[in-house]
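K.L.:
Below is a structure I'd like to ask you about.
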Amino acid sequence: MRAAVIFTALAAFCVASSSAAQDAPAPAPAPMTYSTETPQYRFYPGDEIEITVFSAPELNRIVTVGPDGRIALPLLPRITAADLSADELHDALVAAYATHLRMPELAVTPRSYASRQVFVGGEVARPGIYEMPANIDAFQAVALAGGFLPSARRGEVLVLSRARGEAAVTPVDLSTRAMRGGFPSAQPLQRYDVVFVPRSRISQVNLFMQQYVRDALPVQFSFYYDLRGDRNN
């Protein structure tokens, strides 16, 4: 009888421990870190840039990247600055001024940054447009939108991006299992990316793009994608 009581107590303890382990919240993902591997910031329309020409100070200017992605500088045709890093714009300006100056020496310094917005839609509490407070990933963007709805398919979140002029759709796993690993597939978002949380499994996004993204979000994407890798523009 005593052995039976002990066995029953041990069984109850094991069941309680298992239940507590299941109820325990998943560990929070590690915060984003910055290193030499972090991609350089790329200019966007509305950014303000200071151009300092050391060999010809009269050419110094503070310019704003226009809606067409270009900047205006003395002696030069309008130069494309959007989607270039500071180093890339520096090299482009040195090459452009080389036809006017013997040894152009200059510096490119970002002064201020235009609004950095992302679009979050689908099965989230508050779909809409959100300002990025810093470099964030898809999970953090969903958090800005109030988190997932119970109907969300967290393992097949889509990130739609037009970075560097190339349209791309990337599936991202934001499931609880991926959270334990720190969301390895969640990369930093770029300005105007779209994070879409679907309700059901998606193998092809052609119909999804038409029915949900184009009609639900204030951004136009003129492309169709297949998550298996095929693309038709």
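Table: residues versus (1) aliphatic (A, V, I, L, M); (2) under 30 Å from PRO198 (Cα atoms); (3) under 29 Å from the mean Cα position of the chain (by Cα).
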position	(1), (2), (3)
ASN60	no, no, no
VAL65	yes, no, yes
ASP68	no, no, yes
ASP87	no, no, yes
VAL94	yes, no, no
HIS100	no, no, no
SER112	no, no, yes
ARG116	no, yes, yes
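K.L.:
When residues of segment 63-73 are filtered for being in a loop (DSSP other than H, G, I, E, B) and either among the charged types (D, E, K, R) or farther than 11 Å from ALA96 by Cβ (or both), how many remain?
P.N.:
Just the residues of segment 63-73 that are in a loop (DSSP other than H, G, I, E, B), to begin with: 65-69, 72-73.
After this cut, where a residue has to be either among the charged types (D, E, K, R) or farther than 11 Å from ALA96 by Cβ (or both) as well, the list is 65-69, 72.
Residues flagged as in a loop (DSSP other than H, G, I, E, B) and either among the charged types (D, E, K, R) or farther than 11 Å from ALA96 by Cβ (or both) within segment 63-73 amount to 6.
K.L.:
(1) in contact with a Pro (Cβ under 7 Å, 6 or more places away or on another chain); (2) at pLDDT below 90: which one isn't true of LEU160, the others all being true?
P.N.:
That leaves (1) as the condition not met.
K.L.:
Anything in segment 95-117 that is among the aromatic types (Phe, Trp, Tyr) and at pLDDT 95 or above? List them, or say none.
P.N.:
TYR97
K.L.:
Consider segment 66-98. How many of its residues are under 23 Å from PRO188 (Cα atoms) and touching a strand residue (DSSP E or B) at 6+ places or on another chain (Cβ under 6 Å)? It would help to see each step written out before you state the result.
P.N.:
From segment 66-98, those under 23 Å from PRO188 (Cα atoms) are 69, 81-89; that's our starting set.
Filter once more, keeping what is touching a strand residue (DSSP E or B) at 6+ places or on another chain (Cβ under 6 Å): 69, 81, 86, 89.
Summing the residues that are under 23 Å from PRO188 (Cα atoms) and touching a strand residue (DSSP E or B) at 6+ places or on another chain (Cβ under 6 Å) in segment 66-98 gives 4.
K.L.:
Separate question: Which of the residues spanning segment 118-150 are of a type in the set (S, T, N, Q) and either in the same structural domain as ALA92 (by TED's automatic domain parsing) or at pLDDT 90 or above (or both)? Give the steps one after another, and end with the answer.
P.N.:
Initial filter on segment 118-150 (of a type in the set (S, T, N, Q)): 135, 140.
Answer for segment 118-150, where residues must be of a type in the set (S, T, N, Q) and either in the same structural domain as ALA92 (by TED's automatic domain parsing) or at pLDDT 90 or above (or both): just GLN140.
K.L.:
In addition: Select from segment 146-172 the residues that are surrounded by fewer than 19 Cβ atoms within 10 Å (Cβ to Cβ) and under 18 Å from the mean Cα position of the chain (by Cα) and list them in ascending order.
P.N.:
GLY146, GLY147, GLY155, ARG162, ALA163, ARG164, GLY165, GLU166, ALA167, ALA168, THR170, PRO171
K.L.:
Hey, can you tell me all the residues within segment 59-79 that are surrounded by fewer than 17 Cβ atoms within 10 Å (Cβ to Cβ) and either among the hydrophobic types (A, V, I, L, M, F, W, C) or touching a Cys at 6+ places or on another chain (Cβ under 9 Å) (or both)? Give the steps one after another, and end with the answer.
P.N.:
Within segment 59-79, the first condition is being surrounded by fewer than 17 Cβ atoms within 10 Å (Cβ to Cβ), and the residues that meet it are 60-62, 64, 66-68, 70, 72, 74-78.
Hits for segment 59-79 are ILE62, ALA72, LEU75, LEU76.
K.L.:
Here is a further query. Just the residues that are loosely packed, with under 14 Cβ neighbours inside 10 Å and touching a residue at least 24 places away in the same chain (Cβ under 8 Å), please, taken from segment 91-101.
P.N.:
Across segment 91-101, the qualifying residue is only HIS100.
K.L.:
Still on this structure, I have one more. Among the residues of segment 80-90, are any surrounded by 16 or more Cβ atoms within 10 Å (Cβ to Cβ), of a type in the set (A, V, I, L, M), over 23 Å from MET132 (Cβ atoms) and outside the structural domain of GLY147 (by TED's automatic domain parsing)?
P.N.:
The answer is no; no qualifying residue exists.
K.L.:
Here's something else I'd like to know. Of all strands (runs of 3 or more DSSP E) completely enclosed by segment 79-174, which ones contain at least 1 residues that are acidic (Asp, Glu)?
P.N.:
In segment 79-174, 128-131 are the strands (runs of 3 or more DSSP E) which contain 1 or more residues that are acidic (Asp, Glu).
K.L.:
Of the conditions (1) outside any loop (DSSP other than H, G, I, E, B); (2) of a type in the set (Lys, Arg); (3) at pLDDT 65 or above, ARG214 clears all except one; give me its number.
P.N.:
With respect to (1) outside any loop (DSSP other than H, G, I, E, B); (2) of a type in the set (Lys, Arg); (3) at pLDDT 65 or above, ARG214 is out only on (3).
The values are calculated or read from the model by the stated rules, or taken from the named source; none is laboratory data. This one's a predicted model, so the numbers in the text were calculated from it and none came from an experiment. Neighbour counts are summed over all protein chains in view; Cβ atoms, including those assigned to glycine, are modelled from backbone coordinates with ideal geometry.
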